[in-house]
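To start, the structure itself, in structure tokens.
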Amino acid sequence: MNQFSTLILLLLFVAFLLRVDFVFYIIYVCIGVYAWSRWGTPRAMRNLHSGRTYTSHAFWGESVPITIHLENRGRLPLPWVRLTESVAVQLKEGKPVNEAFSLGHKKSVSFTYTIAARRRGYYQIGPLRLTAGDLFGIQPDSHAQLPAEYITIYPRIIPLAHLGLPSRLPFGTIASRQRLFEDPARPMGVRNFRSGDSLRQINWKASAHTRHLLVKTYEPAISLETAVLLDLHAAAYLRSARHNSIEWAVEVAASLAAHLVNQRQAVGLMTNGIDPLAVGGGAAFDENSGRLLHHTPDAIQQNPRAYLPPPIPPRNGRYHLVKILERLARIESDNTVPVAEWAAEATAHLSWGVTILVITPRGTEAAGQALHRLVRTGFNPVLITIEPDANFGQVRERARRLGFSAYNVTAVQDLDRWRTRARDIRVTG
């Protein structure tokens, strides 16, 4: 800008010295360009409005389109605009978001790019940086910014037709001689119609065959709730495969919760991990990955129970499942409270008879004793270990003696084996 002012003064001196009209014309043009660059471009930049359109929640494996809208609502055009969008490394798909264009008055433009949901988490999208300037580079570039927004990537959910576990454990009902309600999934036979029976219970085919009204009967059952207890105590996992094992544990928890909700059962969630949004000090994001992080302060080590996320009580319905999945998307492992010390405290709010699916890396003796205490309290615990264990047969036998079942699920193939086992049971039954 100083050089341009010097040029105008020099031309003005030459014009007065030579008294040439053409030089005066050049001076007028230069002054006009200078005035426009100093006043017009910043004013047009203030009338530039931007926004994003995207889905704020996505499932693992999905591609999420994000559209950036820019609109010049003023009467002055923008000769050139450059936009740069920050995208988390783990979400990037395709070329970087870096565009340059011109934008006339009352004009708008849109750009769409796609991110890939390759890993669960709570990620930052943006900020979007806008830079504009004049054609001659006389004035310093003007800058604007669209604040960052956020997207939640749910953990992977493995579809499970049946888990292959005993029906009284994961599905929220157990058979009972007390006729609290009849389970339509367990037909038992027919009986004569009685006053007060619902017309929907009438077995019309059997009634037509016997010429008497007959109604369907079912096995009586007691409705029970299910809670998923996810152990994310970092020290409990093998260091060599800690990251993959923790992600697998979260996926198993999400799959079980989704399966139970699809079966119209009530399910809850307790975990001894850390929810970064629940920790004081605000959300912090890794500049490279864009993922939400938690910086473990000394206070967490001194009083880890104070920083554990509150339990999600058992409920049913899709809305409740989304609440559980959001917690599982953000949760991180830390050296908080071992599951053996925390299980009784975590289940204190649950009702008698609730099935507790305990997901932990290995079935240690301390964990087995903790689950045995839950059995004596009146709960129905199920131990699900997710790390490979050559001695799991001993763990299963110890669990049997202590009054609960134990299963080792170390890969998707194990869940497939559960489905195959359930299918064989249905065929032979």
* To do: Can you tell me which of 395-401, 188-194 comes out highest on packing, and rank the rest after it, using the mean Cβ neighbours within 10 Å?
  => 395-401, 188-194
* **Amide hydrogen neighbours beyond the local backbone of GLY51, cut-off 5 Å, H modeled** => HIS69
* For every other residue with a beta carbon closer than 12 angstrom to the beta carbon of ALA343, add +1 if it is Lys or Arg and -1 if Asp or Glu, then tell me the sum. => -2
* Show the residues, 5+ positions off or on another chain, whose built amide H is closer than 5 Å to the amide H of ILE158. => SER255
* Asked: Name the GluC sites (Glu not before Pro) in the stretch 59-129 that are in a loop by DSSP and that have at most 13 other C-beta atoms within 10 Å, would you?
  -> GLU93
* Between GLU345 and ASP389, how many nm apart are label points set 7 Å from Cα along the C-beta direction? -> 2.3
* To do: Could you work out how far apart the two model spin labels at HIS49 and THR84 are, taking each label as a point 7 Å from the Cα in the direction of the beta carbon, and quote it in nm?
  => 2.7
* Karplus (6.51, -1.76, 1.60) ³J(HN,Hα), θ = phi - 60°, over the stretch 251-268, in Hz, Gly and Pro reported as x -> 5, 4, 4, 5, 5, 5, 5, 5, 5, 5, 5, 5, 8, 6, 10, 7, 9, x
* To do: Multiply the residue gap between ASN244 and ALA100 by 0.36 nm, knock off their C-alpha separation, and tell me the result in nm, one decimal place.
  => 47.8 nm
* Structure fact -> Between LYS323 and ASN303, the FRET efficiency computed from the C-beta separation at R0 = 22 Å comes out, to the nearest 0.05, as 0.25
* Return the FRET efficiency for the residue pair ARG194, SER63: r is the Cβ-Cβ distance, R0 is 41 Å, and the value is rounded to the nearest 0.05. => 0.10
* Using modelled backbone amide H atoms (1.01 Å from N, in-plane), which distant-in-sequence or interchain residues come within less than 5 Å of ARG315's amide H? -> VAL267, GLY268
* How much length is gained on full extension from ALA234 to SER108, taking 0.36 nm per residue of separation minus their Cα-Cα distance? -> 40.3 nm
* **Separation of the HIS209 and ALA284 label points, Cα + 7 Å toward Cβ, nm** => 7.1
* Asked: Under the Karplus relation 6.51 cos²θ - 1.76 cosθ + 1.60, θ = phi - 60°, what is the ordered set of whole-Hz ³J(HN,Hα) values for the stretch 398-409, x standing for Gly and Pro?
  -> 5, 5, 4, 5, 8, x, 9, 9, 9, 9, 10, 10
* To do: Please give the peptides 357-369, 311-323 ranked by average Cβ packing (other Cβ atoms within 10 Å per residue), highest first, as a rough proxy for protection.
  => 357-369, 311-323
* Asked: Local charge sum around TYR237 (other residues, Cβ-Cβ under 12 Å, Lys/Arg +1, Asp/Glu -1)?
  -> -1
* **J(HN,Hα) series, the stretch 81-90, from Karplus relation 6.51 cos²θ - 1.76 cosθ + 1.60, nearest Hz, glycine and proline x** => 9, 10, 10, 9, 10, 7, 10, 4, 4, 6
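Taken together, the values in this text are just the output of simple stated rules run on the coordinates, not laboratory data. Computed from a predicted model, the values in this text were never measured in an experiment. When we count neighbours, we look across all protein chains shown, and the Cβ atoms used for this are built from the backbone with ideal geometry, even at glycine.
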